[in-house]
Every structure is written in C-alpha cells, then in structure tokens.
Amino acid sequence: MNKKNLIIGTGALAAYLSCELLRNKDKVIVTSRYKKKNYKNFTYLKIQNKIVFEKLNVKKKREIESIIKLHKPDKIFYFAGQSSLTKSTKMRKE
C-alpha cells in the first residue's frame, strides 16, 4: 500500500528521505517557509517534479492543522529548523 508522507523542511535529510520514500512508491509532500521554483537538494537528486511542495509557517498552528487535514498523511517527519549555529544562538525562538 502506498503511503502519504508529510516532510516538514527542505534540507538534505528531507531530500534523501524523499528519495527513499519515492523508491517505495509512496507519495511525498514537503513543506517549506517559502514556496520556490527550485529546491537545491531535490533538484540535485532529480526528484523535484515527483514531490508536492507546500508553503507552511510552522509557528502557526492553524497552518499545520490545515496541511494535515488537506493531505491526511500516514507519517509526518520534522526536519525544519535553523541550520546556522550562529543564527540559532542569536534567534533562539526561531
């Protein structure tokens, strides 16, 4: 049975997990703060066109609820966060 997977974040971990899930013929929905035409990691793996990308602000509970309601994922993976150590210490809440 093909499963729906919601991945929050667009970094390298999210891209490589997406690649594995697609190999299993699963559906992949990836969320990001910004909706772009190209996501570097997904383009590099040549899977950009096989994934549904959605804009999501993880600070807004209603947005999270609406994405979950819309897609009804079987699994949710959370890879969002500040990747820069310097920025993460200055902007703790982000």
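The values are calculated or read from the model by the stated rules, or taken from the named source; none is laboratory data. Quick caveat: nothing in here was measured; it's all calculated off a predicted structure. Note that each Cβ is placed from the backbone with ideal geometry, even for glycine, and that neighbours are counted across all protein chains shown. Remember, those area values only see protein heavy atoms, side chains included, never the ligands or the DNA or RNA. Shrake-Rupley method; radii C 1.70, N 1.55, O 1.52, S 1.80 Å.
Among the residues of region 1-35, those that are in a strand (DSSP E or B) and under 14 Å from TYR78 (Cβ atoms) comprise ASN5, LEU6, ILE7, ILE8, ILE29, VAL30, THR31, SER32. Return the total of residues in region 25-41 being out of contact with any Gly (no Cβ under 7 Å at 6 or more places or on another chain), at pLDDT below 95 and of a type outside the set (D, E, K, R). Total meeting the criteria: 4. For ASN5, state whether it is touching a residue at least 60 places away in the same chain (Cβ under 8 Å) and either in contact with an Asp or Glu (Cβ under 6 Å, 6 or more places away or on another chain) or open to solvent by 90 Å² or more (accessible area, probe 1.4 Å) (or both). Criteria met by ASN5.
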